[in-house]
1. If I filter region 1-18 down to residues being within 13 Å of GLY48 (Cα to Cα) and not polar (S, T, N, Q), which single residue comes out as surrounded by the fewest Cβ atoms within 10 Å (Cβ to Cβ)?
2. Pick out, from region 30-94, the strands (runs of 3 or more DSSP E) lying fully within it that include 1 or more residues that are farther than 20 Å from ASN10 by Cα, of a type in the set (S, T, N, Q) and at pLDDT below 90.
3. Output the residues belonging to region 1-46 that are closer than 16 Å to PHE76 by Cα and among the hydroxyl-bearing types (Ser, Thr, Tyr).
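The values are calculated or read from the model by the stated rules, or taken from the named source; none is laboratory data. Quick caveat: nothing in here was measured; it's all calculated off a predicted structure. Note: ideal-geometry Cβ built from the backbone for every residue, glycine included; neighbour counts use all protein chains shown.
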Amino acid sequence: MTIQNNDKNNDFKYTDSSFAIGDKTNKNRRNAITSQVAGGLSSPFSSGTIPLKSTKTGQIVFGVMDTSDANVYRLFVADPTGTVLTSIDNIQVP
């Protein structure tokens, strides 16, 4: 994933809780688990800062259940206060 910080005043500080994924009904919303598996990733988005007008590319990991009926999710990106900044629909899990 690539994230661009378009904020005019603030750097974007993120942790695992900045990223969440939910099913269509949003009943099974889960935060990222990137920090738990960061050692096996080449460029994890586990925690850090994206400076003003900068971009960062990295990997975000979520745990989903094999037995879940959902295979299409919505990705949420939130600021440190928990305010959702953006979401992306139709994230498909094979």
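1. This residue is LYS13.
2. Where strands (runs of 3 or more DSSP E) fall fully within region 30-94 and carry at least 1 residues being farther than 20 Å from ASN10 by Cα, of a type in the set (S, T, N, Q) and at pLDDT below 90, they are 84-92.
3. If the condition is that a residue be closer than 16 Å to PHE76 by Cα and among the hydroxyl-bearing types (Ser, Thr, Tyr), then THR2, TYR14, THR15, SER17, SER18, THR25, THR34, SER46 are the ones that fit.
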